[in-house]
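K.L.:
Once you've had a glance at the structure underneath, I'll fire off some questions.
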Amino acid sequence: MLIELVQNNPDQRKIDEIVKLLNSGAVIVIPTDTIYAFAVSLQSKKGLSKLANFKKVKLKQSEFSLICNDLTGISTYTKPMERNVFKLLKKTLPGPFTYILEASNNVAKIFGSKKKEVGIRIPDHNITREIVKSLNHPLVSSSVHDDDKIIKYSTDPKTIFEKHENEVDAVIDCGYGKNVASTVVDCRNEQIKIIRQGAGILPN
């Protein structure tokens, strides 16, 4: 299923349809402020299992990120963070960053593991944040890319749909995405460290 949405004025009926799919265990493809991503509901065991199987990883060993609507409630999924880290998140989010933070016990329970870290994303993209807002809990996501030695990200949702229509339940078409991934920042230690430079530029 290909669902077309306009970023600045998304049809709430279509958002509700997407939320219904997610709650039923669907794997969907969503737009972000960087590249398109596969996503499932955090609270759907069926969806999480399908995403892990699709990505050919065990759920407890996966490195999926959580996509949130805003900073409210992320403490449910992270351990208390240093003040400078929170200030950095507040200054740069929503934006093209994935922050690696110490995970709370809730994350370990969800992923059935002793997971000690979690990636947090708050993309600057209205549609994805509206979906999370209507869902009332985070999405679990993994980037869309072609499997070759040099990672080439798919930017055309119609191409993504043609390639994965038998593997995902819906692709949200919001026009061409970008081909540069988010900047991944490790905030677990005293020294904040960029572990993958992407679209986001950290402030000085």
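No lab work stands behind these numbers, since they all come straight from the coordinates. As the structure is a computational prediction, the values presented were derived from the model and not from experiment. Every residue, glycine among them, receives a Cβ derived from its backbone with ideal geometry; neighbour counts consider all protein chains shown.
K.L.:
Net charge within 12 Å of residue 158 by Cβ-Cβ distance, Lys/Arg positive one each and Asp/Glu negative one each, not counting residue 158 itself?
P.N.:
Combined, the nearby Lys, Arg, Asp and Glu give -4.
K.L.:
Ok, one more. For residue 116 and residue 192, calculate 0.36 nm times their separation in residues minus their Cα-Cα distance, and state this gained length in nm to one decimal.
P.N.:
Result: 25.7 nm gained on full extension.
K.L.:
Please express the Cα-Cα pair-distance distribution P(r) of the stretch 111-204 as a list of whole percents, one per 5 Å bin, running from 0 to the bin with the greatest distance.
P.N.:
Result returned by the calculation: 2, 9, 15, 21, 20, 18, 9, 3, 1.
K.L.:
Set the Förster distance to 22 Å, then compute FRET efficiency between residue 145 and residue 45 from the Cβ-Cβ distance, nearest 0.05.
P.N.:
Once rounded, the FRET efficiency stands at 0.30.
K.L.:
What residues have an amide H closer than 5 Å to that of residue 104, excluding those fewer than 5 places away on the same chain, when H is modeled at 1.01 Å from N in the peptide plane?
P.N.:
Hits under the 5 Å cutoff: 78, 79.
K.L.:
Mind checking the full-extension length gain between residue 201 and residue 178? Use 0.36 nm per residue of separation minus the Cα-Cα distance, one decimal, nm.
P.N.:
The residue 201-residue 178 span can extend by a further 6.7 nm.
K.L.:
Where a Cα-Cα gap under 13 Å defines reach, which aspartates and glutamates qualify for residue 20, not counting those fewer than 8 residues away within the same chain?
P.N.:
Straight-distance partners of residue 20: 169.
K.L.:
Next question. Calculate the FRET efficiency for residue 56 and residue 82 from the Cβ-Cβ distance with a Förster distance of 41 Å, rounded to the nearest 0.05.
P.N.:
So the FRET efficiency works out to roughly 0.70.
K.L.:
Set the bar at 23 Å for Cα to Cα. Now go through 45/114; 116/163; 109/178 and name every pair that lies beyond it.
P.N.:
Exceeds cut-off: 116/163; 109/178.
K.L.:
Which one, 9, 28, 62, is farthest towards the positive end of the dipole of the chain when Lys and Arg carry +1 and Asp and Glu -1 on their Cβ?
P.N.:
It is 62.
K.L.:
With charges only on Cβ, +1 for K and R and -1 for D and E, what is the dipole size of the chain about its Cα centre, in debye, rounded to 20?
P.N.:
My answer is approximately 900 debye.
K.L.:
Okay, next question. For residue 67, enumerate residues with amide H under 5 Å from its amide H, sequence gap 5+ or separate chain, H modeled in the peptide plane.
P.N.:
121, 139, 140, 141
K.L.:
I've got another one for you. Under the √(5λ) rule applied to the eigenvalues of the Cα gyration tensor, what semi-axes describe the equivalent ellipsoid of the chain? Give them in Å, descending.
P.N.:
Each semi-axis is the square root of five times an eigenvalue, giving 25, 19, 17 Å.
K.L.:
Now, a different point. Order of 195-202, 117-124 by packing, highest average Cβ count within 10 Å first?
P.N.:
In descending order of packing, they fall as 117-124, 195-202.
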